[in-house]
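Below you'll find the structure, written out as structure tokens, and then a few comments.
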Amino acid sequence: MTASNDLKVHWANVQTRAITAGGVDFAYREVGETNPGVPVVFLIHLAAVLDNWDPRVVDGFAAKRRVIAFDNRGVGATSGAPATSIEQMARDAITFIRAMSLEHVDLFGFSMGGMIAQEIAQMEPQLVRRMIIAGTGPAGGEGISKVARVTYLDMLRGVLTHQDPKQFLFFTRTPGGIRAGKEFLGRLKERAQNRDKDITVTALRAQLKALRRWGLKEPEDLSRIRQPVLVVNGDSDRMVPSKNTNDLARRLPNSELIMYPDSGHGGVFQYHADFVPTALEFLAR
């Protein structure tokens, strides 16, 4: 199977599979798997299931790389009780990666996924070759313990205005941000059949608890993460304040920084046409 050849397998129509490890049935999808090289494992954000990945980003990566994305334990179509700590999510991710018989991986972690990626790189450094972390922050980072408050407020805004909360959580309220948000939300609907299960309220609360714990945690010694890391965000992130991105880039010893203008938490989706080739070039080094 390939991401874009005669079989025309894309993120919008690729089959959802399952693999059992550690007593958990992990739901996952993969595209571009006949391409050579180290696979890229996508680590997902708060409240997200497989259908929340931007098809332009996934298919863009899959044009050059094998891409694998999975639902966290207790989320979407993956079984088990949802984790209440970032550390447990990282251990679950390692369990999944090992079950897929992957000896080395590159990681792309968005938001909460970027926090999980930091923990994986410290727990199993030999497993990770390179990382891209976007819209994320370090343990103890400014404002991270307040993600629940921001999330609930924008969920209420969404209800009152009959809009998806991600329009407020991920994008700025400038004309460019509003337009980018609508385009992104439209792309998420491209998969019309065999969609993933929505996250449950129980799983959402567990993740918010994990994020609060992460935000209140003592800062870690990020100099231990020796892998090359591409750190990305928008310059006006409300969920994980953008100053955390600058802090990560400063504290990671082998990092590169990209800050997209007039964009928020979802900067990599707003600027996907620039982000994807930049990310692929970084991974190809």
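The values are calculated or read from the model by the stated rules, or taken from the named source; none is laboratory data. Just so it is clear, the structure is predicted and the values come from calculations on it, not from any experiment. Virtual Cβ from ideal backbone geometry, glycine too; neighbours counted across all protein chains shown.
Every condition in (1) touching a residue at least 60 places away in the same chain (Cβ under 8 Å); (2) surrounded by fewer than 20 Cβ atoms within 10 Å (Cβ to Cβ); (3) under 20 Å from V268 (Cβ atoms) holds for H10 except the one numbered (1).
Does the range 99-107 contain at least one residue that is hydroxyl-bearing (S, T, Y) and touching a His at 6+ places or on another chain (Cβ under 6 Å)?
For the range 99-107, residues hydroxyl-bearing (S, T, Y) and touching a His at 6+ places or on another chain (Cβ under 6 Å): absent.
Only residues that are of a type outside the set (D, E) and either within 21 Å of F275 (Cα to Cα) or surrounded by fewer than 17 Cβ atoms within 10 Å (Cβ to Cβ) (or both): list them for the range 137-154, please.
Initial filter on the range 137-154 (of a type outside the set (D, E)): 137-141, 143-153.
G137, G140, S145, K146, R149, Y152, L153 - these are the residues of the range 137-154 that are of a type outside the set (D, E) and either within 21 Å of F275 (Cα to Cα) or surrounded by fewer than 17 Cβ atoms within 10 Å (Cβ to Cβ) (or both).
Among the residues of the range 60-95, the ones that are of a type in the set (A, V, I, L, M, F, W, C) and closer than 22 Å to H10 by Cα come to 8 in all.
Working only within the range 122-136, note down all residues that are crowded, with 24+ Cβ neighbours inside 10 Å and either of a type in the set (G, A, S) or assigned to a helix (DSSP H, G or I) (or both). Across the range 122-136, the qualifying residues are A134, G135. Among the residues of the range 184-231, those identified as acidic (D, E) and surrounded by fewer than 16 Cβ atoms within 10 Å (Cβ to Cβ) are E190, D198, E218, E220, D221. Scoring Y28 on the criteria (1) over 28 Å from G186 (Cβ atoms); (2) surrounded by fewer than 23 Cβ atoms within 10 Å (Cβ to Cβ); (3) among the aromatic types (F, W, Y) leaves a single failure, condition (1).
Test T151 against the criterion of being among the β-branched types (V, I, T) and at pLDDT below 95, and give yes or no. Don't jump to the end; show me each part of the working.
On the way: among the β-branched types (V, I, T): yes; at pLDDT below 95: yes.
Yes: the conditions hold for T151.
Tallying residues that are over 20 Å from D154 (Cβ atoms) and either surrounded by 23 or more Cβ atoms within 10 Å (Cβ to Cβ) or among the acidic types (D, E) (or both) within the range 249-271 yields 2. Look at P228 and say whether it is of a type outside the set (A, V, I, L, M), at pLDDT 95 or above and touching a helix residue (DSSP H, G or I) at 6+ places or on another chain (Cβ under 6 Å). No: the conditions fail for P228.
Considering only residues that are farther than 28 Å from N194 by Cα and buried (at least 24 other Cβ atoms within 10 Å of the Cβ), which ones fall in the range 87-116? Within the range 87-116, just M115 meets the criteria. In the condition set (1) under 21 Å from A279 (Cβ atoms); (2) crowded, with 24+ Cβ neighbours inside 10 Å, V75 is compliant with all but (1). Apart from one condition, G264 fits all of (1) part of a loop (DSSP other than H, G, I, E, B); (2) of a type outside the set (A, V, I, L, M, F, W, C); (3) without any contact (Cβ under 8 Å) to a residue 24 or more places away in the chain; the exception is (3). For the range 43-70, filtered to residues that are within 23 Å of E87 (Cβ to Cβ) and touching a helix residue (DSSP H, G or I) at 6+ places or on another chain (Cβ under 7 Å), the residue that is surrounded by the fewest Cβ atoms within 10 Å (Cβ to Cβ) is A47.
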